[in-house]
Amino acid sequence: MQENRVKSGVFATGGAEAIRLRGFDIHPGLLNADAQAALVEELRGVTKAAPLFSPVTPYGKPMRVRMTSMGKFGWFSDRSGYRYEGKHPSGVDWPPIPELVLTLWRDLTELERTPDCCLLNFYDSNARMGMHQDRDEADFSYPVVSISLGDSALFRIGNETRGGKTESIWLNSGDVVVMGGAARLTYHGVDRIRAGSSTLLPKGGRINLTLRVVT
DNA sequence: GAGTGGCA
DNA sequence: CCCT
């Protein structure tokens, strides 16, 4: 039997070594099937309390991806820009970040501070996300941790400025990516969702959780 | 005019 | 290419 790759030992079954790509640490299959299923179950309660919505971008188009958040802050955008908000657009508080997710963050980052935002992005099979930087947070010395659940996504990694050559990698259900250090401000996006590649979500699609220290 | 764009 |  292979050793668990996170200290708490509750997630991983072992398997592939981490892949490093342009400073992104990619942990294939870090969450085992049981952990993925348990997490999805918790997220059902989250989307019930704080339903998914499609934010409008500052230039007027609604995003393809639907989203909600957990934690003290949630990511939001409208005509006046990208930002974090203390409440869901319905006025309710964002639900708490699941303990399983916080444990994963602690194990991977070994930081004292835990994230104050866990953004949930839902991609249907046609959804994409253009190349962007995560730069709405106050302190870029904290990493961003990203968890993939459900259908596989073609993830594209660029550079610290727009343009230039890029590299792509398929992210599968249970994969976890840490974007820290120089990679913290690297452009990235999702080009494609592979419909039917996972049975985790009965109706298909992909959930991506991103953990951030916002303030 | 660039876009956490949309479409062909 | 189109649009905001």
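The values are calculated or read from the model by the stated rules, or taken from the named source; none is laboratory data. No experiment lies behind these values; they were computed from the predicted model shown. Cβ sites come from the backbone with ideal geometry, for glycine too, and all protein chains shown count toward neighbours. Note: accessible area is taken over every heavy atom of the protein model, side chains too, but ligands, DNA and RNA are not part of it. Shrake-Rupley method; radii C 1.70, N 1.55, O 1.52, S 1.80 Å.
By the Stokes-Einstein formula, at 1.567 mPa s and 4 °C, the stretch A:19-212 with its Kirkwood radius over alpha-carbon pairs has D equal to 77 µm²/s.
Sparse packing (at most 16 other Cβ atoms within 10 Å of the Cβ) combined with a DSSP loop state is found for the following chymotrypsin sites (Phe, Trp or Tyr not before Pro) in the stretch A:138-173: A:140.
Mind checking the full-extension length gain between residue A:114 and residue A:82? Use 0.36 nm per residue of separation minus the Cα-Cα distance, one decimal, nm.
Taking 0.36 nm per residue and subtracting the Cα distance, the gain is 9.3 nm.
Over chain A, dividing the summed -39,500 (n - 2.57) contributions of all DSSP H runs of at least 4 residues by the number of residues returns a 222 nm mean residue ellipticity of -4000 deg cm²/dmol.
For chymotrypsin sites (Phe, Trp or Tyr not before Pro), the sites in the stretch A:26-117 that DSSP calls loop and that have at most 15 other Cβ atoms within 10 Å are A:59.
Highest GNM mean-square fluctuation among A:185, A:120, A:111, for chain A modelled with Cα contacts below 10 Å: A:111.
For the stretch A:19-212, what % of the accessible area comes from carbon and sulfur atoms, probe 1.4 Å? On the stretch A:19-212, the fraction of accessible area on carbon and sulfur atoms equals 50 percent. Applying 0.36 nm per residue to the separation of residue A:93 and residue A:48 and subtracting their alpha-carbon distance, the gain on full extension is 14.9 nm. Longest stretch of chain A clear of exposed loop sites (trypsin sites (Lys or Arg not before Pro), DSSP loop, at most 12 other Cβ atoms within 10 Å, sites excluded): A:8-78.
I'd like the per residue volume of the convex hull spanned by the Cα atoms of the stretch A:108-161, given in cubic angstrom.
126 Å³
Rolling a 1.4 Å probe over the protein heavy atoms gives the stretch A:86-128 an accessible area of 47 Å² per residue. Using C-alpha pairs below 8 Å separated by at least 6 residues, the relative contact order for chain A is 23 percent.
Applying a DSSP loop filter and a limit of 14 other Cβ atoms within 10 Å to the GluC sites (Glu not before Pro) in the stretch A:47-113 leaves A:110, A:112. Near the amide H of residue A:70, within less than 5 Å, lie the amide hydrogens of A:118, A:119, A:120, all on another chain or at least 5 residues away, with H placed in the peptide plane. Distance from the C-alpha centroid of the stretch A:158-206 to that of the stretch A:107-155: 9 Å, rounded to the whole angstrom.
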